[in-house]
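*Asks:* I'd like to ask you about the structure that follows.
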Amino acid sequence: MKAKTTIGDQVITARRVSTPLIAIETPDPGATTKVLCSAVESFDVERDRSISAQFMWDAVHGVRPINEAAAQALPTMLEPVGGDALATAHPTQALTVLATAPRNAFVIMSNVHLYWEPSRLDPSVVQAIWNLRDGFKGNGRTLVMTMPTCVLPAELRHDVVVFAEPLPACDDFR
């Protein structure tokens with residue numbers, strides 16, 4: 001029987017080929033974040049390289065570090081906003097700061113899709129995501145956007161890889 005491919009496996013496969021922008025439809029973004037961070041750390045260890053800086057963003061806390069490598073990098077990244085992580089609560093500012101993340105950084109943004117829904121469309125968010133594409137691809141950085149459902153704006157449709165993480169099945173608990 002073939003082993004089930006996990007969301008962590010899918011993201012690592014995408015990361016191996018320098019896919020810079022990923023969206024994940026997930027019913028449990030918190031659990032998905034833990035799986036992804038663990039997968040990235042295991043991938044780094046497997047490749048015998050230093051652990052990638054891992055960052056998290058949400059509209060309440062702004063950009064924050066997940067691991068020690070990110071905690072060390074973040075103060076320098078935040079200098080343009082006076083060192084204030086809360087100044088990155090709006091995703092455009094966060095994405096601008098994250099554009100300076102170190103090589104191989106791994107970034108998870110939660111619910112950023114709310115800024116491209118038709119009723120709340122913020123074109124600066126869509127543009128800021130697109131602006132990361134080439135810079136992130138060039139040095140192994142990855143932006144993962146978690147959300148319950150993913151309908152990408154036309155401007156991102158050909159640049160963001162979308163994965164769907166299903167609800168767990170009964171067999172997953174055996």
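Read the figures in this text as sums done on the coordinates, not as results from a lab. Owing to the predicted nature of the structure, the values given are computational and were not obtained by experimental measurement. Neighbour counts run over all protein chains shown; Cβ positions are idealised from the backbone, glycine included.
*Asks:* Compute the distance from the alpha-carbon center of segment 78-119 to that of segment 138-165, in whole Å.
*Replies:* Cα centroid of segment 78-119 versus Cα centroid of segment 138-165: 15 Å apart.
*Asks:* Separate question: In the chain, which helices (entire DSSP H runs) extend 20 Å or more along their own long axis, judged by Cα positions, while averaging at least 0.0 on the Kyte-Doolittle scale? Each step should come with its number before you reach the end.
*Replies:* Values: long enough: 29-46 (25 Å, 0.33); 123-138 (24 Å, -0.11).
Once both thresholds are applied, what remains is 29-46.
*Asks:* Tell me the net charge near N111. Cut-off is 11 Å between Cβ atoms, N111 excluded, with +1 for each Lys or Arg and -1 for each Asp or Glu.
*Replies:* Residues near N111 contribute -2 overall.
*Asks:* Which of rounded, prolate or oblate describes segment 97-142 when judged by the alpha-carbon gyration tensor and an a/c cut-off of 1.5? Don't skip to the answer; put the middle values down first.
*Replies:* Details: a/c = 3.13, a/b = 2.11, b/c = 1.48.
In terms of gyration-tensor shape, prolate.
*Asks:* Mind ordering 125-133, 152-160, 9-17, 105-113 by average Cβ neighbours within 10 Å, highest first?
*Replies:* So the peptides 125-133, 152-160, 9-17, 105-113, ranked by packing, come out 105-113, 125-133, 9-17, 152-160.
*Asks:* Taking each pair of distinct Cα atoms in the chain once, what is the resulting Kirkwood hydrodynamic radius in Å?
*Replies:* Answer for the chain: a Kirkwood hydrodynamic radius of 16.4 Å.
*Asks:* Determine the sum of side-chain charges near T19: Lys and Arg each +1, Asp and Glu each -1, restricted to other residues whose C-beta is under 14 angstrom from that of T19.
*Replies:* After counting each charged neighbour, the total is +2.
*Asks:* With the Cα gyration tensor of segment 69-122 giving a ≥ b ≥ c as the square roots of its eigenvalues, does the rule (a/c under 1.5 for rounded; else a/b larger than b/c for prolate; else oblate) give rounded, prolate or oblate?
*Replies:* Cα axes put segment 69-122 in the prolate bin.
*Asks:* Also: With the contact rule set at Cα under 8 Å and sequence spacing of 6 or more, what percent relative contact order holds for segment 32-174? The partial results should precede the final answer.
*Replies:* On the way: 189 pairs, mean separation 28.0, N = 143.
Relative contact order of segment 32-174: 20 percent.
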